[in-house]
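Scroll down for the structure; my scribbles are underneath it.
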Amino acid sequence: MPSSYNLPEIDKKKIDALVKSGFYSSKSDVVKDALRYMLEHKKTLSVAAAVELYKSGEVSLGKASEIAGIGLVEFKEILASYSHKRLLTVTKKGMKKADELLEKLK
């Protein structure tokens, strides 16, 4: 799903100038490079993005720690500091299966 963002006219002109000068092949490449640079140099932004993606269920715990650029244990500690609790959605079918597994363990 494409997104659009509003930028001040001067920033649009700067982006156009970078493409025209040959430093980038497209406006999209300018924006991707700027975002990549920002996330690499402001680690707290990468961590915040990873936490939000994990909290919304869009990425797994492992993928979130990768996005944050930190180890899994450290990412779990960060989640704990955010007081994050992952809620699980359980269906009737899932509950029945869990009950069956519990019965087998008895």
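The values are calculated or read from the model by the stated rules, or taken from the named source; none is laboratory data. What you see is a predicted model; the values in this text were computed from it and never measured. All Cβ positions, glycine included, derive from the backbone under ideal geometry; neighbour counts span all protein chains shown.
Taking residues in the stretch 76-105 that are surrounded by 10 or more Cβ atoms within 10 Å (Cβ to Cβ), and partners anywhere that are at pLDDT 75 or above, the pairs with Cβ atoms closer than 7 Å and at least 6 places apart or on different chains are Ile78/Val47; Ile78/Val51; Leu79/Val51; Tyr82/Val51; His84/Lys55. Among the residues making up the stretch 36-64, those that are over 16 Å from Tyr82 (Cβ atoms) and in a helix (DSSP H, G or I) are Arg36, Tyr37, Met38, Leu39, Glu40, His41, Gly62, Lys63. For the structure I just gave you, tell me whether Ser56 is of a type outside the set (A, V, I, L, M, F, W, C) and over 30 Å from Ile78 (Cβ atoms). When the stated conditions are applied, Ser56 does not pass them. Restricting Gly22, Gly69 to residues that are at pLDDT below 95 and small (Gly, Ala, Ser) narrows the list to Gly69. Screening Ala68 on (1) of a type in the set (A, V, I, L, M, F, W, C); (2) within 28 Å of Asp16 (Cα to Cα); (3) surrounded by 12 or more Cβ atoms within 10 Å (Cβ to Cβ) shows it passes everything except condition (2).
Scanning the stretch 1-35 for residues that are under 26 Å from Ser46 (Cα atoms), of a type in the set (Gly, Ala, Ser) and either touching a Phe, Trp or Tyr at 6+ places or on another chain (Cβ under 7 Å) or assigned to a helix (DSSP H, G or I) (or both) yields Ser28, Ala34. Count of the stretch 28-49 residues, restricted to those that are touching a residue at least 24 places away in the same chain (Cβ under 8 Å) and either in contact with a Lys or Arg (Cβ under 6 Å, 6 or more places away or on another chain) or surrounded by 14 or more Cβ atoms within 10 Å (Cβ to Cβ) (or both), is 1. Checked against (1) under 17 Å from the mean Cα position of the chain (by Cα); (2) modelled with pLDDT of 90 or more, Tyr82 passes all but condition (2). Here Lys63 meets each of (1) more than 17 Å from the chain's Cα centre (by Cα); (2) modelled with pLDDT of 95 or more with one exception, condition (1).
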